[in-house]
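A short worksheet on the structure shown next.
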Amino acid sequence: MNENLDTLRHSTSHLMAQAVRELYPGVKVAIGPSIETGFYYDFDYEPGFTDEDLVKIEKRMEEIVKADIPIECKRMKREEAVEFFSKAGETYKVELLNDITDPEVNVYTQGSFTDLCRGPHLPSTGKIKAFKLLSLAGAYWRGDEHNKMLTRIYGTAFPDKKALKEYLDFLEEVKKRDHRRIGKDLDLFSVSDETGAGLVIYHPKGALVRYLLEDFERREHLKRGYDFVYGPHILKLDMWKKSGHFENYRENMYFTKIDEVEYGIKPMNCLSHIMVYKSQIRSYRDLPLRYFELGTVSRHEKSGVLHGLMRVREFTQDDAHIFLRPDQLHQEILGIIRFVQDVMKIFGFQFEMEISTRPAKSIGSDEDWERAEAALKEVLDSERLPYDLNEGDGAFYGPKIDIKLKDAIGRKWQCATIQCDFALPERFDLHYMDSDGKRKRPVMLHRVILGAIERFLGVLIEHYGGKFPVWLAPVQVVIMNITDEQEPYVRKIRDAMVDAGIRVEVDTRNEKLGLKIRESVVKKIPYMVIVGKVEMEQNNMTVRVRDGGELKDVATDDFINRVKEENILRR
RNA sequence: GCCGACGUAGCUCAGAGGUAGAGCAGCUCACUCGUAAUGAGCAGGUCGUGAGUUCAAUUCUCACCGUCGGCUCCA
C-alpha cells in the first residue's frame, strides 16, 4: 500500500483511540493498525459500544481534528515505557512491550492520549481530512480464539473527501453485487432455516447455471486426459482413520452408524479415488492417472462462518486426484496451472498464487514435505510466476499452491488449489511397477480448478454483477409482445429459437411494455426481443441489448445466428 | 464456536404490554398499451421456536434455531 495513505490511516486510528479514551474513561486500548481498506482499533470496554457510540466518537474525532493537536514522538527506554503504561492501566500495551526486545521504543502523544507505536504519524491531527467509522465487531486479542474478545471499531480514511466518497460508493457497489441479493432477484437459489444452515437449495435457474458450469468442466477435463470416477458419500470410519482424516479433521466431519458399523460422511473425495487406483496393479507406463469427480462433500463449518454460497456445509468440488511418478511432478503441476489459466481467462479473472507450507497438525515425514514444497516452488520459479509464501498453512497431508482470483471490482477469492501429497500414497501403500521391475511409490496431486461450485457460482454472480455472459445466462432471450394481437407471432419466433438451442422465455402477459422491460432488466436477461404491430407486419423484430443499445428491423434468423454464435465458447 | 445487531405476509420494511400495518408480489376485474412499475377490488400473518414473568406477551426475561457485520477457520 501507498506509504502516505498508510500513515494517514494509522494516524486516524490513533485519532479514534484518543476520542474513545476521552469519551469513555476506563477503556483499555489494544492495537490499531491501518489495513487495506482503512483502519481499526481494538478496545477493551466492558459495556461494549453501540452504533450510537460510533456517531459520538466520530463527532469527537471531528473536534480533535479541528483543534489541530500536534502529534509528538518520543524515544523511551523499554522499562520506562512499561512503567508508564502500567501506571496508565494499559495492560495490553504492557503485554506488547514484554514481547519487544529493543532497548528503546517509540511513544506517540497527541493531547491527552499517548500510545506505544512504531509510527510514523502525521505531524498533527488537523492533517486528517476525510474519514468515516464503518462498523463494530468482536475480535480476539492477538487473533487467538482462546484470548479475550475485544471490541473492534472499523473505519476508513482518505486524503480528501472525494476519495472517501469513491470508497463509500465502492461499498455500495459491493452491496449491489451481493450474490445473496442477486440470487433472490434472479431466483437462482435459497438457503432455508427449515432445511438447515449452510445447505444450498438450487432453484431451476440456479440449477441451470450450475449444470452449464459442470458441463463445461466435464468437457475441459476430458480434453486434458482426465478419467471420470464416482465414489460413495459415506465410507467406513476405518478408512478415515487410516487416511489421517479422523485424527486431523474430525471436528469438521459428520458421522453415522449402520448395522453397528461406523461410517464417516466424506469431507473430501480422495479416498475413493485412491480405491480406484488400488483396484489394479499399475505400471509406470499407466501414469499419470487423473481421476476426476464432481464430488459433493460435507464439512461441519462453524456456524458463524456460513455465508450465502461462499461458505456452506455441503458443496461440490470439481475435484481430481492425479497419481504420478516423481519425475512427472513438474509437468503435471504445470499442466494444472495451465488449466487454471485457460479457465480463468474464459471467466475474465486474474489471479495470484500462494504457496502454503507444513502446518502444526499434519502427517508424513519432514523429508517428504520438503520434497513436495520444493516441487511446487520449482514449477512456479521456472515459469517465473510470482507467489507469496504462507508458512504453516498447508493441508494436513501436504503443501499447496492456493490460487486467489481477482474479480471485476478487485476483490480476491480463494478458489483453485493444487496440493502435493506423499503421505496418503504411503498410508494406503500405493505402488506401481517401474521400468526396473521394482515396486515404487506414486505421488498424489489433489487439485480443484473452480474449487467449490457453490463458491465459484457466488463469486461469478458478484464478478458479473448478475449479468452472466450469454453462454451461462439461464435465460438468454425474453420475447415480449405489445398487444395480444402479436401472440401467435411471438410463439413462432420462440419456437424457432428453441429449435436453435436458445434458452428463451416469452412474456405475453397483458401488461405494459415498460413493466415487462423493467422486470427483464432486473433479471439481467441479455436480450429482450420486442414485437408489436410494426414488427409483425414486417416479419422482423426489435432487440434491446442488456448492455445498452437497440437493434431495429432484425430478421429472426440473423438474431438467432448471433445468439448461437455467442453461445459457443471460443478460445 | 466467540463478540455485536437482528428475526413481523412470498419480498422489502413500519409498529406497540391489551392479541397487527404499508408497498411490491399473488388472485379477480377493467384497460390492448411502443422501451425501467396502468388502475380498482380481494385475499394473505400461531409476529423464528420453546419456556418463564404477567390478569394479559408478538412486545419484557431466558434458552434454542436462523440471518447479518466481524474474529478464528476455510473450497
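The values are calculated or read from the model by the stated rules, or taken from the named source; none is laboratory data. Quick caveat: nothing in here was measured; it's all calculated off a predicted structure. Cβ: placed from backbone, ideal geometry, glycine included. Neighbour counts: every protein chain shown. Remember, those area values only see protein heavy atoms, side chains included, never the ligands or the DNA or RNA. Shrake-Rupley method; radii C 1.70, N 1.55, O 1.52, S 1.80 Å.
For the reader, a short list of remarks on this structure follows.
- Looking across the range A:160-196, just one residue is in contact with a strand residue (DSSP E or B) (Cβ under 7 Å, 6 or more places away or on another chain), open to solvent by 40 Å² or more (accessible area, probe 1.4 Å) and touching a residue at least 60 places away in the same chain (Cβ under 8 Å), and that is A:VAL191.
- Any hit, the range A:85-99, residues being over 39 Å from the mean Cα position of the chain (by Cα), outside any loop (DSSP other than H, G, I, E, B) and surrounded by 14 or more Cβ atoms within 10 Å (Cβ to Cβ): yes
- If you go through the range A:397-455 and pick out every residue that is open to solvent by less than 40 Å² (accessible area, probe 1.4 Å), of a type in the set (D, E, K, R) and out of contact with any Leu (no Cβ under 8 Å at 6 or more places or on another chain), you end up with 4.
- Exclusive hit being surrounded by fewer than 17 Cβ atoms within 10 Å (Cβ to Cβ), charged (D, E, K, R) and within 9 Å of RNA strand B (Cβ to nearest atom), set A:LYS278, A:LYS302: A:LYS302
- Condition met for A:GLN538 (more than 9 Å from RNA strand B (Cβ to nearest atom) and polar (S, T, N, Q)): yes
- Some residue of the range A:341-351 being at pLDDT below 90, in a helix (DSSP H, G or I) and more than 15 Å from RNA strand B (Cβ to nearest atom): no
- Some residue of the range A:30-48 being within 16 Å of RNA strand B (Cβ to nearest atom), under 32 Å from the mean Cα position of the chain (by Cα), open to solvent by 10 Å² or more (accessible area, probe 1.4 Å) and on the phi > 0 side of the Ramachandran plot: yes
- Helices (runs of 4 or more DSSP H) within the range A:508-567 that include 2 or more residues closer than 15 Å to A:LYS492 by Cα: A:533-538, A:556-566
- Considering the range A:390-411, the residues that are assigned to a strand (DSSP E or B) and modelled with pLDDT under 90 include one that is nearest to RNA strand B (Cβ to nearest atom), namely A:ALA395.
- Only residues that are near RNA strand B (Cβ under 9 Å from one of its atoms), more than 25 Å from A:GLY183 (Cα to Cα) and open to solvent by less than 40 Å² (accessible area, probe 1.4 Å) were counted in the range A:470-524, giving 2.
- Test: residue in the range A:111-132 that is within 16 Å of RNA strand B (Cβ to nearest atom) and in a strand (DSSP E or B): yes
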